[in-house]
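Notes follow the structure.
The values are calculated or read from the model by the stated rules, or taken from the named source; none is laboratory data. This one's a predicted model, so the numbers in the text were calculated from it and none came from an experiment. Cβ placement follows ideal geometry from the backbone for every residue including glycine, while neighbour counts extend to all protein chains displayed.
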Amino acid sequence: MNVRELNYRIVTSRSGGPGGQNVNKVETRVTIEIDVDALPLDDAQKARVRERLAGRINKEGVLRVTSQAERSQLANRDRALARLEEILDDALAEEKPRRKTRPSRASKEARLEAKKHRSRMKRLRSSFD
C-alpha cells in the first residue's frame, strides 16, 4: 500500500538523543497519524488492521507511527512513512493456515534414546551403599 497517497497528519516535536544544540532548538521528531476508518480498505481489512495493530491505535481509531532516529525532520518523516507502509503491509498480509504435523518414528526413537541415556548417566552418578 502506498501511504504517500493517503490522507495523514504529520505532527512534529522536539526529539531526544544525539544532535547537540540542534535537539534543543529544532522539532525533528515526526509522528504520523492516520485514521483507520479513512483507509481505502474494505471492512474485513480494516478489522484485521485494528486487531493486529491494537497497541498502536488509540480510542479515536487513529494509528500513530513515530520516528526520531535521524537528525533532520525530513529524514524522520521519510522513515516514519516507510515504517507506516511496512506496518500496514504486515497487518494486511494473509497468514497461511497451519498444517498439523506429527513427529516421525525416528525422532520419537531419538527422543526416547536420549531420555534413556540421561537416565543411565544419573543412575551412575548415585552413590552405592
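Residues checked against (1) closer than 30 Å to Met1 by Cα; (2) in contact (Cβ under 8 Å) with a residue 24 or more places away in the chain; (3) touching a strand residue (DSSP E or B) at 6+ places or on another chain (Cβ under 9 Å); (4) hydroxyl-bearing (Ser, Thr, Tyr):
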{"residue": "Leu92", "(1), (2), (3), (4)": "yes, yes, no, no"}
{"residue": "Thr101", "(1), (2), (3), (4)": "no, no, no, yes"}
{"residue": "Ser104", "(1), (2), (3), (4)": "no, no, no, yes"}
{"residue": "Arg111", "(1), (2), (3), (4)": "no, no, no, no"}
{"residue": "Ser126", "(1), (2), (3), (4)": "no, no, no, yes"}
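Does Thr66 satisfy the criteria of being touching a Gly at 6+ places or on another chain (Cβ under 8 Å) and hydroxyl-bearing (Ser, Thr, Tyr)?
Considered against the rule, which asks whether it is touching a Gly at 6+ places or on another chain (Cβ under 8 Å) and hydroxyl-bearing (Ser, Thr, Tyr), Thr66 comes out as no.
So which residues in region 1-47 are out of contact with any helix residue (DSSP H, G or I) (no Cβ under 9 Å at 6 or more places or on another chain), modelled with pLDDT under 80 and surrounded by 15 or more Cβ atoms within 10 Å (Cβ to Cβ), if there are any at all?
Gly19, Val23 - these are the residues of region 1-47 that are out of contact with any helix residue (DSSP H, G or I) (no Cβ under 9 Å at 6 or more places or on another chain), modelled with pLDDT under 80 and surrounded by 15 or more Cβ atoms within 10 Å (Cβ to Cβ).
If Asp78 passes every condition in (1) among the charged types (D, E, K, R); (2) farther than 30 Å from Asn24 by Cβ; (3) without any contact (Cβ under 8 Å) to a residue 12 or more places away in the chain but one, which one does it miss?
(2)
Among (1) within 31 Å of the chain's Cα centre (by Cα); (2) of a type in the set (A, V, I, L, M, F, W, C); (3) at pLDDT below 90, where does Phe128 come up short?
Condition (1) is where Phe128 drops out.
Could you count how many residues in region 79-118 are among the hydroxyl-bearing types (Ser, Thr, Tyr) and either in contact with a Phe, Trp or Tyr (Cβ under 7 Å, 6 or more places away or on another chain) or part of a helix (DSSP H, G or I) (or both)?
Result for region 79-118: 1.
Of the conditions (1) within 29 Å of Thr28 (Cβ to Cβ); (2) in a helix (DSSP H, G or I), Leu124 satisfies every one except a single condition; which number is it?
Among (1) within 29 Å of Thr28 (Cβ to Cβ); (2) in a helix (DSSP H, G or I), Leu124 violates only (1).
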